[in-house]
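One structure is given below, encoded as structure tokens.
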Amino acid sequence: MPSSSDVEVGAVASAPRVPAAAAAGPTPAKVRWWANNPFGGKVLYLAPAGVFLVLFVLWPAVYTLFLSFFDWNMVSPKMTFVGFDNYVTVLSDPITYKVLGNTAIYIVVLLAFNVVVPYILAFVVTFLIDRFQGFLKSAMFLPSFISMVVGAIIYNWLLNPTAGPVAQVLAVVGIQIPNWSQTEVLCILVICYVTAWKVLGYNFITLFASMSGLSKDVIENARLEGIPTWRMFRDIVLPMSRGTGMYVLVMTIVTGLQYVYTPIKVMTQGGPNYGSSNLIYQAYHEAFVVYRTGVSASLSVLTLILFIGLLALAFRALALTERGRS
């Protein structure tokens, strides 16, 4: 005869199972809709990034456009609507065109330092050097960990034309460093070099990773065919790593002038006579030095339009290249 405990166990085992969701109670209709609707799930995933995009990208852009139509010094509570007068002031100021020319020089030099040079170095380390690759990668990427402010201070000390270590070493052999901080074109080159010292390692690692994924059999076959190294780089490596190269190009255009701001602020403050200033630093100068917020905002809007045009040209060039190869 079964015991009472056996009867209880059998009763529990034979009892119908209740789903966990049902046991927890009815699900609200809105929750069920969000869970079953694919669009609702996408919105939930994108919500955090969307909040940051609106707060820190879209809203500042809209507010900058709003400020460009007002005369305000960020101190007075009164903002005077002036229409397009700030844009007229910017476009009629000769300093604007000088700064625009400096910006063009910065872009060209940064593209050479941060795109062409890393491309060549990545090709050499990937396909032409078999030893010490780990050391070379670490050495080139190490400056990326150093703050741009610290790097600018260090180079400002190293390249001091009177008391810097470089000047003292060259003075032994009778070479004198020019006063680069007071020479317009030379100060731009020095600032671009400091910026490249910081950014080159990241671009190099990105391109190196892309080239490491390419088939080395293709390069070996090209070597066996007697194809020169420069042709292997131009006709094989460049087309096969075009996507990564385009990414590096776009990021250099977008972020290059932002990186340049720090060494300008630390080393030259835009001098001599606006000779090292660019559009981004000039916008800062107008807003936080001379307190012409409307002029600064209008200059920022024009800079944004210029950047959009440069990116459009870059993507257009890539599309034409793709079409020509197809």
Q) Within the set of pairs 6+ apart or on separate chains, which have a first residue in the stretch 293-310 that is surrounded by fewer than 22 Cβ atoms within 10 Å (Cβ to Cβ), a second that is not in a helix (DSSP H, G or I), and C-beta atoms under 6 Å apart? A) V301/S68
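Results for (1) at pLDDT below 90; (2) small (G, A, S); (3) farther than 15 Å from I205 by Cβ, shown as yes or no for each residue.
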{"residue": "F81", "(1), (2), (3)": "no, no, yes"}
{"residue": "V90", "(1), (2), (3)": "no, no, yes"}
{"residue": "P94", "(1), (2), (3)": "no, no, yes"}
{"residue": "I105", "(1), (2), (3)": "no, no, yes"}
{"residue": "A112", "(1), (2), (3)": "no, yes, yes"}
{"residue": "V116", "(1), (2), (3)": "no, no, yes"}
{"residue": "Q133", "(1), (2), (3)": "yes, no, no"}
Q: Determine the pairs where a residue that is outside the structural domain of L320 (by TED's automatic domain parsing) and acidic (D, E), located within the stretch 231-254, has a partner that is at pLDDT 90 or above and not in a helix (DSSP H, G or I) with Cβ atoms under 9 Å apart, the partner being 6 or more residues away or on another chain.
A: none
Q: State whether one or more residues within the stretch 275-282 are over 20 Å from Q182 (Cβ atoms) and not aliphatic (A, V, I, L, M).
A: no
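Do any helices (runs of 4 or more DSSP H) entirely within the stretch 73-175 hold 3 or more residues that are within 27 Å of the chain's Cα centre (by Cα) and in the same structural domain as V301 (by TED's automatic domain parsing), and if so, which? Before the answer, list the steps.
On the way: elements: 85-91, 94-111, 117-123, 133-141, 148-158, 165-172.
Answer list for the stretch 73-175: 94-111, 117-123, 133-141, 148-158.
For the structure I just gave you, tell me whether S276 is outside any helix (DSSP H, G or I) and either crowded, with 20+ Cβ neighbours inside 10 Å or of a type in the set (A, V, I, L, M) (or both). Steps first, answer last, please.
On the way: outside any helix (DSSP H, G or I): yes; either crowded, with 20+ Cβ neighbours inside 10 Å or of a type in the set (A, V, I, L, M) (or both): yes.
Criteria met by S276.
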**Q.** Search result, residues across the stretch 151-183 that are exposed (fewer than 13 other Cβ atoms within 10 Å of the Cβ) and among the hydrophobic types (A, V, I, L, M, F, W, C)
**A.** W157, L158, A163, V169, A171, V172, V173, I175
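So if I check each of L55, L44, which one is within 30 Å of V260 (Cα to Cα) and either at pLDDT 90 or above or not acidic (D, E) (or both)?
Of the residues listed, the single one that is within 30 Å of V260 (Cα to Cα) and either at pLDDT 90 or above or not acidic (D, E) (or both) is L55.
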(Q) Among the residues that make up the stretch 257-264, is at least one of them part of a helix (DSSP H, G or I) and free of Cβ contacts under 8 Å to residues at least 40 places away in the same chain? (A) yes
Q. Can V149 be described as out of contact with any His (no Cβ under 6 Å at 6 or more places or on another chain) and at pLDDT 90 or above?
A. yes
Q) Across the stretch 194-217, which residue is nearest to the chain's Cα centre (by Cα) among those that are surrounded by 13 or more Cβ atoms within 10 Å (Cβ to Cβ) and more than 20 Å from L136 (Cβ to Cβ)? A) T195
Q. If you go through the stretch 213-224 one residue at a time, do you hit one that is assigned by TED's automatic domain parsing to the domain that holds V254, polar (S, T, N, Q), part of a helix (DSSP H, G or I) and modelled with pLDDT of 90 or more?
A. no
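Any idea which residue in the stretch 55-65 is nearest to V295 (Cα to Cα), counting only those that are of a type in the set (A, V, I, L, M, F, W, C) and in contact (Cβ under 8 Å) with a residue 40 or more places away in the chain?
We begin by selecting, within the stretch 55-65, every residue of a type in the set (A, V, I, L, M, F, W, C); these are 55-59, 61-62, 65.
Pick out the ones that are also in contact (Cβ under 8 Å) with a residue 40 or more places away in the chain and you get 61, 65.
On the way: A61: 15, L65: 11 Å.
Here the residue is L65.
The values are calculated or read from the model by the stated rules, or taken from the named source; none is laboratory data. Treat the numbers as computed from the prediction; the structure is a model and nothing was measured. Virtual Cβ from ideal backbone geometry, glycine too; neighbours counted across all protein chains shown.
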